[in-house]
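*Asks:* I'd like to ask you about the structure that follows.
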Amino acid sequence: MSATDTPKRSMRTPLGRVRNLGAAHSGTSDFWRQRITGVAMTLLMIPVLVIIMMLLGRNQVGAAQILSSIPVAVILLLFIFASAWHMKIGMQVVIEDYVHNEKLKLVSVMLNNFFSVAVALASTYAILKLSSGV
Amino acid sequence: MQVYRWTLTMALSIVHRATGIALYVGTLLLVWWLVAAASGPAAYAHVQAFAGSIIGRLIVFGYTWALMHHMLSGIRHFVWDLGYGFKANEREALTWGALIGGIALTVLIWIIAYAIGGGR
């Protein structure tokens, strides 16, 4: 958005205004974060699978005991944080590719942010609650 | 798009998106599971009853495949981002690797899960 908001009189050249910004007007930061979070989840995949295997077939008391241990909670929190960020960026790319009506696009991107943050916060809250043993 | 001859890499590019969207929606199940674990035995028993049902198992199996495929397919994209694997035979090998690897890992995970008693 910022490129169109720039006043007509400016010391910056047209090339300088758009350099590194690209179609999303926000540069390559999302592209880079998408890769970081993807690599993070790939590295965390084996520990996460081990945790899920440990939980299989256990009742709530057993599951709560495992989920409240510090390494398990930290691994899951890292995985959830990376997932929520990764899926927020990924869905935004899909929206920007297929939704061409500007208002609908705005609403979709906003809902995508709400959903991703809600998923992250609900999961984080659940893990912290289990960890604190309340 | 209609003028292009469909290739495996094109089809798998769509599958990468489709599995990404499925994983996005599927996080609701993960949230349900974690919140239920934090809520108490009754809520957790509901999740276990659902996950243990035929439909539940099919969904979780599909979710496992979507996750494994999306991860391997993502690694493939990462290799391309780093500037490698663009030759025709390398592209094909990476794509087949993601396809077969995703299925193989999914089956392997489920065999391990059943072996340690998760199928109860």
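The values are calculated or read from the model by the stated rules, or taken from the named source; none is laboratory data. Values in this document were obtained by computation on a predicted structure and should not be read as measured data. In this analysis, Cβ positions are derived from the backbone assuming ideal geometry, glycine residues included, and neighbour counts consider all displayed protein chains.
*Asks:* Restricting to the stretch B:106-120, give me the number of residues that are without any contact (Cβ under 8 Å) to a residue 40 or more places away in the chain and hydroxyl-bearing (Ser, Thr, Tyr).
*Replies:* 1
*Asks:* Further question on the same structure: If you go through the stretch A:77-117, how many residues are within 15 Å of B:Leu28 (Cα to Cα), in contact with a helix residue (DSSP H, G or I) (Cβ under 8 Å, 6 or more places away or on another chain) and either modelled with pLDDT under 95 or loosely packed, with under 15 Cβ neighbours inside 10 Å (or both)?
*Replies:* Counting residues in the stretch A:77-117 that are within 15 Å of B:Leu28 (Cα to Cα), in contact with a helix residue (DSSP H, G or I) (Cβ under 8 Å, 6 or more places away or on another chain) and either modelled with pLDDT under 95 or loosely packed, with under 15 Cβ neighbours inside 10 Å (or both) gives 2.
*Asks:* Could you please let me know if A:Asn59 is surrounded by fewer than 18 Cβ atoms within 10 Å (Cβ to Cβ) and within 8 Å of chain B (Cβ to nearest Cβ)?
*Replies:* Considered against the rule, which asks whether it is surrounded by fewer than 18 Cβ atoms within 10 Å (Cβ to Cβ) and within 8 Å of chain B (Cβ to nearest Cβ), A:Asn59 comes out as yes.
Each row is one residue, and each column tells you yes or no for (1) more than 9 Å from every other protein chain (Cβ to nearest Cβ); (2) of a type outside the set (Ser, Thr, Tyr); (3) part of a loop (DSSP other than H, G, I, E, B).
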residue: A:Ala73; (1), (2), (3): yes, yes, no
residue: A:Ala84; (1), (2), (3): no, yes, no
residue: A:Ile95; (1), (2), (3): yes, yes, no
residue: A:Leu111; (1), (2), (3): yes, yes, no
residue: A:Phe114; (1), (2), (3): yes, yes, no
residue: A:Ala118; (1), (2), (3): no, yes, no
residue: A:Leu121; (1), (2), (3): yes, yes, no
residue: A:Ile127; (1), (2), (3): no, yes, no
residue: A:Ser131; (1), (2), (3): yes, no, no
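*Asks:* If you don't mind, there's one more thing I want to ask. Any idea which residue in the stretch B:1-32 is surrounded by the fewest Cβ atoms within 10 Å (Cβ to Cβ), counting only those that are of a type in the set (Phe, Trp, Tyr) and more than 10 Å from every other protein chain (Cβ to nearest Cβ)?
*Replies:* It comes out as B:Tyr4.
*Asks:* Go through the stretch B:33-58 and give me each residue that's under 26 Å from B:Leu108 (Cβ atoms) and either buried (at least 16 other Cβ atoms within 10 Å of the Cβ) or within 11 Å of chain A (Cβ to nearest Cβ) (or both).
*Replies:* Correct list: B:Trp33, B:Leu34, B:Ala37, B:Val47, B:Gln48, B:Phe50, B:Ala51, B:Gly52.
*Asks:* Failed condition for A:Ser68, given (1) under 27 Å from A:Val50 (Cα atoms); (2) more than 14 Å from chain B (Cβ to nearest Cβ); (3) at pLDDT below 95, with all others met?
*Replies:* Status for A:Ser68: all satisfied but (2).
*Asks:* Quick one: is B:Ala113 at pLDDT 95 or above and out of contact with any Cys (no Cβ under 8 Å at 6 or more places or on another chain)?
*Replies:* no
*Asks:* Under the condition of being facing chain A (nearest Cβ under 10 Å) and crowded, with 17+ Cβ neighbours inside 10 Å, which residue from the stretch B:100-116 is farthest from B:Leu67 (Cα to Cα)?
*Replies:* B:Ala113
*Asks:* Right, here's the next one. Which ones in the stretch B:61-109 are at pLDDT 95 or above and of a type in the set (Phe, Trp, Tyr)?
*Replies:* Within the stretch B:61-109, B:Phe61, B:Tyr63, B:Trp65 qualify.
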